[in-house]
Amino acid sequence: MFDRRSSDAMEPLCFAILKSLTPRDVETKFYDERLEPIPFDEPTDLVAMTVETYTARRAYQIAAEYRSRGVRVVMGGYHPSFLPEEALQFADAVVVGDAEGIWPHVVDDVRCDVLQEIYRQDDFPSLERSCPDRSIFRGKRYAPITMLQYARGCKYNCDFCSIRAFYGSNLRQRPVGEVVAEIQRVGRKHIFIVDDNIFVDIPKAKELFAALTPLNIRWSCQVSIDITKDNELVELMRCSGCTTAVVGFESLNPDNLSQMNKSWNLRYGDYESSIKVLQDAGVMIYGTFVFGYDEDTVESFDEAVEFAIRNRFYLANFNPLTPTPRAPLMDRLRNEGRLIHDKWWLDPSYRYGHATFHPRRMSAQELTAGCYRARSQFNRYGSIARRTFDRRTNLRSPYRFGLYLLSNMVSRREIHSKQDMKLGGDAPLRAKNPEAWNGARDKDGPFTLGVGRP
Ligand code: B12
Ligand code: SF4
């Protein structure tokens, strides 16, 4: 959002990886605009930025500042990988796909002054010997939790999600021994395993959880609800210190789940019995819900809030369904003529938390208001007090109770401060070549991964 500083930002793992891939004789400085203003006038030969769809507009503004000072800019991450032509209107070069195996070539080309426009990762590089260098985070006010990645990719294909679009059906795990060594090296007691779904490969997940057990850490993860079908796995989660898990419930309506390609969410039983399995194992649930699928009505918000409070969720989020580039949802809504903005992430009229398309059974305004109301209701003091009372989870120990209270206070503040914000404020976008920009268009059609990316 650029003009407000965050008090709970987490260390962005991709930069620790980029740092580890950068030749040692290259001097690096790292800035995170969530924590500090960017010193645009500090001399540098190259700027490397990570760009997500929500941060694209701000990233393009930052790139224009550097380029106006004669500094070259390279962009990577989800958004430029999906829309390289768009990103190239603001950056000198774009890296499509994972950085491993490609970033050192980019640096070499800069040194030789032969920087190309697009660097495509033509393969899915092995994650072996990955050794993120977190020294760049030293002295910065990040939340005291370490982000760590075990695997990339997901076996599911929910229509709103960028993961399948980015990784295709490819699933890669790191050697468990290397993950354990990284946790020991970092020395923190609370780890957030950022994998999108730690349940995609059951034997590997069991191997990981068993190896984490002797480390005596507390860890958080993201997981699909079908994990609860495997009692041994849930027991291993408990023994190894799993404290909180983000679970994508998305909707209470089976037809919506089917439309989003997530009907498997209910394959192994109803939500309440799956929740009980996780909570009996002491896992505090951060439930996420999305609204705007065709069966949603103005009543859907209250039902979801009531469900989340009744089940004493540790945290919950209620977001308007938002199409992102290359996700199947984007094509469907565009083909149905329901998009409010052609590219909401660039549109100065878009506001954070607002609907970006016309839902079927409510208005766009009702979708925006309903999500905000749901977040507000869930984060009320009365709701926080009611959800506290679960001895299996939020009241399990003084540590858990402290974590519960702190997280809920942060969440309360966040929902109000981000709502309605403009992405990147009022500054206009300055493309490298405005005439080309007006006509620039990334090819439509599926984004294929691996050899032969478009
Ligand atoms: C942890 C996380 C968060 C954390 C952020 C923590 C942090 N430190 O910043 C929290 C919980 C705050 C968060 C919030 C949100 N997130 Co989030 N998040 C993630 C998650 C699960 C892991 C990120 C991570 O660490 N990945 C591991 C690193 C190593 O991978 P990586 O970033 O992709 O980097 C690799 C390559 O992409 C590439 N690369 C990346 N940048 C660059 C730059 C250069 C120069 C080069 C060469 C290469 C390169 O190289 C890296 C190594 O190979 C991702 C999913 C995922 N698997 O990445 C979603 C994800 C990034 N989030 C997403 C979203 C939508 C959000 C929210 C908008 C949700 C919401 N509705 O509020 C918010 C707001 C985000 C924002 N920027 O404003 C989407 C983004 C989709 C998109 N098209 O942009 C993702 C992909 C999830 C998804 N399933 O779709 N998120
Ligand atoms: S289960 Fe989660 S990570 Fe996997 S495709 Fe669905 S939303 Fe994305």
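Some points to look at:
- For region 269-281, the criterion of a residue being of a type outside the set (Lys, Arg), within 16 Å of ligand 1 (Cβ to nearest atom), buried (at least 18 other Cβ atoms within 10 Å of the Cβ) and over 24 Å from Trp345 (Cα atoms) is satisfied by no position.
- Hits in region 73-108 - residues which are of a type in the set (D, E, K, R) and either assigned to a helix (DSSP H, G or I) or surrounded by 23 or more Cβ atoms within 10 Å (Cβ to Cβ) (or both): Glu85, Glu86, Asp108
- Region 65-92, residues that are under 14 Å from Val47 (Cβ atoms) and either hydrophobic (A, V, I, L, M, F, W, C) or not assigned by TED's automatic domain parsing to the domain that holds Thr53 (or both): Val71, Val73, Val74, Met75, Ala87, Phe90, Ala91
- Residue within region 46-60 that is open to solvent by 40 Å² or more (accessible area, probe 1.4 Å) and more than 22 Å from Phe137 (Cα to Cα) present: yes
- Filter pass, Asn265 being touching a Leu at 6+ places or on another chain (Cβ under 6 Å), surrounded by 15 or more Cβ atoms within 10 Å (Cβ to Cβ) and closer than 18 Å to Asn317 by Cβ: yes
- For region 337-352, a residue qualifies if it is open to solvent by less than 40 Å² (accessible area, probe 1.4 Å) and in contact with a Lys or Arg (Cβ under 7 Å, 6 or more places away or on another chain), and the qualifying residues are Trp345, Leu346.
- Looking across region 111-125, the residues that are part of a loop (DSSP other than H, G, I, E, B), surrounded by 12 or more Cβ atoms within 10 Å (Cβ to Cβ) and out of contact with any strand residue (DSSP E or B) (no Cβ under 7 Å at 6 or more places or on another chain) come down to Asp122, Asp123, Pro125.
- Ile145 meets each of the listed conditions (1) within 13 Å of ligand 1 (Cβ to nearest atom); (2) β-branched (Val, Ile, Thr); (3) without any contact (Cβ under 8 Å) to a residue 40 or more places away in the chain apart from (3).
- On inspection, Val176 passes the criterion of being crowded, with 16+ Cβ neighbours inside 10 Å and without any contact (Cβ under 8 Å) to a residue 40 or more places away in the chain.
One line per residue, one yes/no per condition, for (1) within 12 Å of ligand 1 (Cβ to nearest atom); (2) not small (Gly, Ala, Ser):
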{"position": "Asp122", "(1), (2)": "no, yes"}
{"position": "Ser135", "(1), (2)": "no, no"}
{"position": "Arg152", "(1), (2)": "yes, yes"}
{"position": "Ser162", "(1), (2)": "yes, no"}
{"position": "Phe166", "(1), (2)": "yes, yes"}
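- When Ala369, Ala364 are screened for being of a type in the set (A, V, I, L, M, F, W, C) and touching a residue at least 24 places away in the same chain (Cβ under 8 Å), only Ala364 passes.
- When Gly70 is tested against (1) in contact with a Pro (Cβ under 9 Å, 6 or more places away or on another chain); (2) surrounded by fewer than 18 Cβ atoms within 10 Å (Cβ to Cβ), only condition (1) is not met.
- Breaking point among (1) open to solvent by 40 Å² or more (accessible area, probe 1.4 Å); (2) under 27 Å from Arg5 (Cβ atoms), for Tyr399: (2)
- Set Lys140, Lys155, Lys206: member being in a loop (DSSP other than H, G, I, E, B), surrounded by fewer than 18 Cβ atoms within 10 Å (Cβ to Cβ), in contact (Cβ under 8 Å) with a residue 12 or more places away in the chain and more than 16 Å from ligand 2 (Cβ to nearest atom): Lys140
- Residue within region 319-329 that is assigned to a helix (DSSP H, G or I), open to solvent by 60 Å² or more (accessible area, probe 1.4 Å) and either touching a Cys at 6+ places or on another chain (Cβ under 6 Å) or within 16 Å of ligand 2 (Cβ to nearest atom) (or both) present: yes
The values are calculated or read from the model by the stated rules, or taken from the named source; none is laboratory data. Keep in mind that this is a model prediction, so the values were computed, not measured. Note: ideal-geometry Cβ built from the backbone for every residue, glycine included; neighbour counts use all protein chains shown. These area figures cover heavy atoms from the full protein model, side chains too; ligands, DNA and RNA do not enter into them. Shrake-Rupley method; radii C 1.70, N 1.55, O 1.52, S 1.80 Å.
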